[in-house]
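**Student:** First, the structure itself, so that you have it in front of you.
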Amino acid sequence: MLHIDGSLDWVQVDAGQVLWRPEDESDSFYIVINGRLRAITEKENGAVNIVAEYGQGDTVGELDVITSSRRRNTLHAIRETELIRMPQTLFNAISSRNPRTTAQYVRYPLKHD
């Protein structure tokens, strides 16, 4: 547990700050401690579609990390938000030591992004 705690990053983001855009590399996922995030897609005609919103206790971006996929949407903070960032390398290390972690997470994610 100490190895995990020391490897997690606490991140503070301001309202309006973008965490990622489509096609960005999926090098980590986040757990929302407080605040609010919104995932959107933008169409060629300029229309914006809200995909999901994430609040306290939600995870975001984990499926992209698990599948090593590029980001599919834009994620931004809609108010000041505090997050825990789990790097893909840490998640992979945990998963290799305990494969049930990944399998269980894929079956029962906290919130599908």
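None of the figures in this text is laboratory data; all of them are computed from the coordinates on show. It should be emphasised that the depicted structure is a prediction, and the values quoted were computed from it without experimental measurement. So basically every Cβ, Gly included, is an ideal-geometry build from the backbone, and we count neighbours across all protein chains shown.
**Student:** Roughly what would the spin-label model give for Glu25 and Glu42, points 7 Å off Cα along C-beta, in nm?
**Tutor:** 2.3
**Student:** Still on this structure: Per 0.36 nm of contour for each residue apart, how much would the distance between Asn49 and Ser69 grow if the chain were fully extended, relative to their Cα-Cα spacing?
**Tutor:** Here the segment from Asn49 to Ser69 would lengthen by 5.1 nm.
**Student:** Please turn the phi angles of the stretch 39-48 into ³J(HN,Hα) values with the Karplus equation 6.51 cos²θ - 1.76 cosθ + 1.60 (θ = phi - 60°), one per residue in order, whole Hz, x for glycine and proline.
**Tutor:** For the stretch 39-48, the Karplus-derived couplings read 9, 10, 10, 10, 8, 4, 7, x, 5, 10 Hz, x marking Gly and Pro.
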